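The values are calculated or read from the model by the stated rules, or taken from the named source; none is laboratory data. As the structure is a prediction and not an experimental result, all values here were calculated from the model. Using ideal geometry, Cβ is built from the backbone for each residue, glycine included, and neighbour counts are taken over all protein chains shown. Heavy atoms of the whole protein, side chains included, go into the accessibility calculation; ligands, DNA and RNA do not. Shrake-Rupley method; radii C 1.70, N 1.55, O 1.52, S 1.80 Å.
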Amino acid sequence: MNILKTSIAVTLLTLIVIISCGSRSTDSQQSTDTEFHHKNSRQNELNYISYYSEIYKADSLFVTKNYHETYKILDRLLKRYKPVKGWFVNVSRDYLISKSKVVQVERTDVINYLNEQAYSVEAILEDNSVSKLLEQFHIDKSEVEKIVAKNVSKINIPLRNELGKMTLRDQEVRDTKNYDSIRKIDWQHSKRLREIIETVGFPNEKIVGGYSLQGKPHSEIFLPLIFNHMAYNGDYDYFKKKLPELIRNGTCDPFNYAMLEDRRNEINNKPIEYHVIIPIEEKNDKMKINANRKAIGLPSIEFEMFKKKIMSN
């Protein structure tokens with residue numbers, strides 16, 4: 001358990017650092033998990049599994065400064081989907097910056113970006129690429145502050161604080177090494193998360209905000225950590241069924257489901273499907289793992305290593 005907590009802590013730290021500086025790509029790709037099969041009754045609905053695959057491709061191009069292809073992919077994609085962040089991929093930012101390099105950007109493009117992404121004045125102003133666009137269109141700090149204030153006002157602050165406390169409680173109770181207490185807290189969290197999902201929806205960034213929120217103390221919300229423990233103490237069957245639905249509609253980060261399933265498989269001595277926290281060994285079939293990841297909207301192992309290398313520089 002201590003090894004697992006250490007690994008999760010490292011992952012959490014990495015996520016916090018990045019947040020402070022969110023499928024199948026072809027019809028022939030088949031999911032290994034029947035929860036993710038595209039049923040006939042859903043054919044006319046948007047499925048974010050395909051979306052995720054495209055944004056990782058676009059981000060790889062963006063990082064290598066191939067702005068033309070990045071813009072081409074994202075412009076086509078965002079005509080159908082509302083922007084949702086992927087694993088270390090700010091889709092709205094990639095789109096705005098790549099567009100500014102390829103075609104003429106309007107003031108409304110920048111304002112739309114701010115309405116979508118601005119929750120911290122400092123984070124916006126410290127982004128050099130965005131700041132240049134602010135200067136170009138004479139969008140001053142006061143205008144940014146107004147947009148940030150409006151965006152923050154829409155965040156569910158009480159729920160944000162509650163989830164922050166849940167994250168801390170999840171780790172504090174494990175320090176007691178009292179399994180009865182751990183089990184009790186996990187089941188309390190399981191019940192509450194189910195209530196939240198059924199009443200307000202999955203508590204994503206749009207509902208509770210990200211790491212940095214103007215005028216509010218940061219809350220270390222790390223839901224994958226809690227879902228990891230739902231694999232053996234919480235209502236596993238509910239989350240096993242519900243999270244795929246929420247991933248498909250673009251409200252739940254696939255990382256939550258991967259943590260749940262990887263932990264469950266580890267406990268039951270079954271093959272690990274996604275390896276989001278459990279290290280990959282040489283004997284593991286990386287092609288199969290990548291196929292599993294793609295089927296739920298996670299990036300490939302290679303993309304993950306690629307991004308981690310960039311983040312470390």
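Things worth noting here:
- Residue match in region 183-191 (condition: closer than 19 Å to ASP253 by Cβ and either in contact with a Ser or Thr (Cβ under 6 Å, 6 or more places away or on another chain) or modelled with pLDDT of 95 or more (or both)): yes
- In region 135-159, the residues that are open to solvent by 40 Å² or more (accessible area, probe 1.4 Å) reach residues that are part of a helix (DSSP H, G or I) and of a type outside the set (Asp, Glu) with C-beta atoms within less than 6 angstrom, at least six apart or across chains, in these pairs: GLU145/VAL121; ASN156/ILE207; ASN156/VAL208.
- The set of residues in region 100-115 that are of a type outside the set (Gly, Ala, Ser), open to solvent by 30 Å² or more (accessible area, probe 1.4 Å) and at pLDDT 95 or above comprises LYS101, VAL102, VAL103, GLU106, ARG107, THR108, ASP109, ILE111, ASN112, ASN115.
- Odd one out for ALA118 among (1) modelled with pLDDT of 95 or more; (2) within 26 Å of ARG248 (Cβ to Cβ); (3) surrounded by 19 or more Cβ atoms within 10 Å (Cβ to Cβ): (2)
- Residue list for region 160-188, restricted to those being among the basic types (Lys, Arg) and open to solvent by 20 Å² or more (accessible area, probe 1.4 Å): LYS165, ARG169, LYS177, ARG183, LYS184
- The helices (runs of 4 or more DSSP H) falling completely within region 200-313 that include 3 or more residues that are aliphatic (A, V, I, L, M), under 30 Å from GLN117 (Cβ atoms) and open to solvent by 20 Å² or more (accessible area, probe 1.4 Å) map to 301-312.
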